[in-house]
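See below for the structure under consideration.
The values are calculated or read from the model by the stated rules, or taken from the named source; none is laboratory data. Here the structure is a predicted model, which is why all the values come from computation and not from measurement. So basically every Cβ, Gly included, is an ideal-geometry build from the backbone, and we count neighbours across all protein chains shown. Only protein heavy atoms, including side chains, enter the accessible area calculation; ligands, DNA and RNA are left aside. Shrake-Rupley method; radii C 1.70, N 1.55, O 1.52, S 1.80 Å.
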Amino acid sequence: MFSVLRRNVGRRGVRLLSSLAEPKEPVLRTAIPGPLSMAALDRLSQLQDTRAALFAGDYTKSVGNYIADADGNMLLDMYCQIASIPVGYNNPRLLQAAQSPEMATMLVNRPALGVFPSTEWSAVLEKAFMRVAPAGLDMVFTTAHGSDANELAFKAAFMHHAHKRRGARAWSDKELASVMDNQEPGAPDAAIVSFSHGFHGRTFGALSATRSKAIHKLDIPAFKSWPRVPFPQLQYPLDKFSAENAIEEKRCVDELERVLRTHPVPVAAIIVEPVQSEGGDRHASPEFFRAIRSITRELDVLMIVDEVQTGCGATGTFWAHEQWDLPEAPDMVTFSKKMQAAGFFHTRQLVPDQAYRNFNTWLGDPPRALLAQAIVDEVLEKNLVGQTRLVGEYLKSHLLPLAIRYHRLVSSVRGHGTFLAFDCPTPELRAEFLELMRKEGVNMGGSGDRAVRFRPMLTLTKTHVNVFLTRLESVLNKIMQSSEDFKLPKTLRMVIMGPPGSGKGTQAPRIAEKFCACHLATGDMLRAAVASGSSLGREAKQIMDAGGLVSDEIMVNMIKDNLENNKECSNGFILDGFPRTVVQAQKLDEMLEAGNRGLDHAVELKIDDALLVARITGRLVHPASGRSYHRVFSPPKHNMKDDVTGEPLVQRSDDNADTLVKRLATYHKQTAPVAAYYKQRGILKQTDAAQSPTAVWNSLLAIFSGQA
């Protein structure tokens, strides 16, 4: 009697959920989070960490493209559980699958699939996964979640790699014994190559391949021999920067090939996302991915495509990598999120040579596979991939004009399907934008430091887009109208370049004071290091005393030492006088990105050489500090005396026309390639240094606030 009653109540509840209807627009009854949300989160915080939670959802009232919270607010959901809801909240087909006898059997009789698979498991795999399998991949390995899918794909790659090296022979006694101590040859050293800013999960192997944010990786032991290679940083709009982007992609492809050919540890596989979905929604062209496939095939390295976030239609094709037109399929494609089940597709050649090797008790989750089957039914029958492609084009066609109108707030609109993104000028402004959107009734999320990402469901329509655009423009107007909201960034990491006399000596200290950042001038750093008697200082002194040039490595390490130990650098830094070559710039970038301190700006002060000669011949210098003045443009408060110390100022002996012309020629020869490098990276800004110091300062502030 009880079981029948429960079943009937359960079915009635499902019927009620399936009869829910979307509101025409967001419903806002309280602040977000409201009092009931905050109370629910407070209760939960006694049991789990809730510091990342934005509000408490009510999933009995969420419907379609709208998420309900505990206070009765209904938000248009453009984030969808971090890109994980495919066909709407409380979708009728999924509810029907959830109450089916097959689901009940799977829920109460969870099998160890590798040993005791059910009679219907092969049919479930066919309907849930194989009918949408990527071309060329004829098998599927089911797992628990996205990190797990990547982790087990790595295991498959390592087993395949070791099997190729070992050949047909059996494991040796030495291999069998050494592996129990995690030693070679049983536990061989091999690597997975991943890309800068990529995200592949939080389990041990997946985390070693993850390069998006330091906070994900801190304090966790890592596979230290796994190399990182650069992922292209494209400039937008793509048609305007096609030449620059081609050069950037070639640079990254060349570096990948170099690593694969020369890395001291054998590389079993590379892993790459079609879109770096947690690292800032970074894209690359189909040509880039085809080049990767060509190199991996030539060098017999497996290619794993991580479609955990991009898979299941959001980019306008079922799998994002379909848009690359690869000459042959990747070796593995991992999936999760919108599929509501996880795993990886692979070729038959990647099945391990013995059973129980790539293995665990559950090997996936049959109830989730049954939901995946219902999701695929819904997607295919309603052509939701085609709908997503069309709705995405509609959404993007409206975002692009907004990026022109609100160019100080919205830049680099990019993406395919509804898998779109744009950048805000600063992380702080991005955070404020997302909060204001929630206040308008739209739930959105960020990616990387500055990107706003779109992760709606495949059921998004043009009607939903219109609702969204109205609220987007409202928020952009609110920010534009409030001068308070155009704050400068709280931190600043930059390189300042300019010929002698361009005003660096005036502007750099002023920038440092404004941002409470350190001003790291090459000469000052060297003098301070030598005076401190540090190991770097002693090494530099020895080289200079012998008449040599201090190496790039020493300079980069001096900068690193300052960033890590100089309290003045905690809020950022201004590098002045370094780098002077592209090689130095690359080494600097490697060091900074390894510490999650990448450059925000490279600013070049531009000025005509003839004007510079006139300007410099009037320059006055305080020898002890390096502070500079000008008789006309920036005179000291008292004639020929330093403003700070009152000590005498001097005119340098090399501040004459003949010497200056030679120095300027050297500067241009050195700096042009460095400026081109930073332009290629998309962070170079140039300002007219012929203006008054005040005008130059205002131009710099506009650059730092994203308004220039």
What is the list of residues in region 136-160 whose amide nitrogen lies under 20 Å from a point 7 angstrom out from the Cα of Q81, following Cα to Cβ?
-> 142-150
Got a number for carbon plus sulfur as a percent of the chain's accessible area, 1.4 Å probe?
-> 54
Residue separation between Q46 and R110 times 0.36 nm, minus their alpha-carbon distance, gives in nm 19.9 nm
Find how much the distance from D524 to L299 grows on full extension, using 0.36 nm per residue of separation minus their present alpha carbon separation; answer in nm with one decimal.
-> 76.3 nm
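For the chain, what's the relative contact order in percent, using C-alpha pairs closer than 8 Å and at least 6 residues apart?
Rounded, it is 13 percent for the chain.
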For the chain, just give the cysteines left without a disulfide-compatible partner, judged by no other Cys Cβ under 4.7 Å.
-> C80, C252, C312, C424, C516
For S118 and S570 in one chain, what is 0.36 nm times their gap in residues minus the Cα-Cα distance, to one decimal in nm?
-> 156.9 nm
Could you tell me which of L409, P456, A341 has its Cα farthest along the dipole of region 311-464 towards the positive end, charges placed at Cβ (Lys, Arg +1; Asp, Glu -1), taken about the Cα centre?
-> L409
Summed over the other residues with a beta carbon less than 14 angstrom from that of A209, with K and R at +1 and D and E at -1, the charge totals +2
Run down the lysines and flag those whose C-alpha is under 20 Å from the C-alpha of K541, throwing out any fewer than 8 positions away in its chain.
-> K560
Too long for a 26 Å Cα-Cα cut-off, among K217/K250; K490/K637; K127/K338; K504/K587; K217/K567, are K217/K250; K490/K637
Calc'd 3J(HN,Hα), region 656-663, phi into Karplus 6.51 cos²θ - 1.76 cosθ + 1.60 (θ = phi - 60°), Hz, glycine/Pro = x, comes to 10, 4, 4, 5, 5, 4, 5, 5
Taking the chain as the reference, fit the longest principal axis to its C-alpha atoms, fit the long axis of helix 384-405 to the helix C-alpha atoms, and give the angle between the two in degrees, 0 to 90, nearest 10.
-> 20
Which value, in Å², gives the accessible area per residue of the chain when a 1.4 Å probe is used on the protein heavy atoms?
-> 47
FRET efficiency estimate (nearest 0.05) - Cβ-Cβ, D608 to V650, R0 25 angstrom = 0.45
Counting pairs of alpha carbon atoms under 8 Å apart in space and at least six apart in sequence, what relative contact order in percent does region 504-581 give?
-> 47
Of T210, T617, ordered by accessible area with the largest first and a 1.4 Å probe, the sequence is T617, T210
Quick one: if the Förster radius is 35 Å, what FRET efficiency do D239 and E473 give, using the C-beta to C-beta distance and rounding to 0.05?
-> 0.90
Peptides 130-137, 48-55 ordered by average Cβ neighbours within 10 Å, highest first = 130-137, 48-55
Using a basic spin-label model with each label point 7 Å from the Cα along Cα→Cβ, how many nm lie between R29 and H638?
-> 7.2
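So for each of 458-464, 690-696 I average, over its residues, the number of other beta carbons within 10 Å; can you give me the resulting order with the highest mean first? Please list the in-between numbers first.
Values: 458-464: 20.0, 690-696: 14.1.
The peptides rank, most packed first, as 458-464, 690-696.
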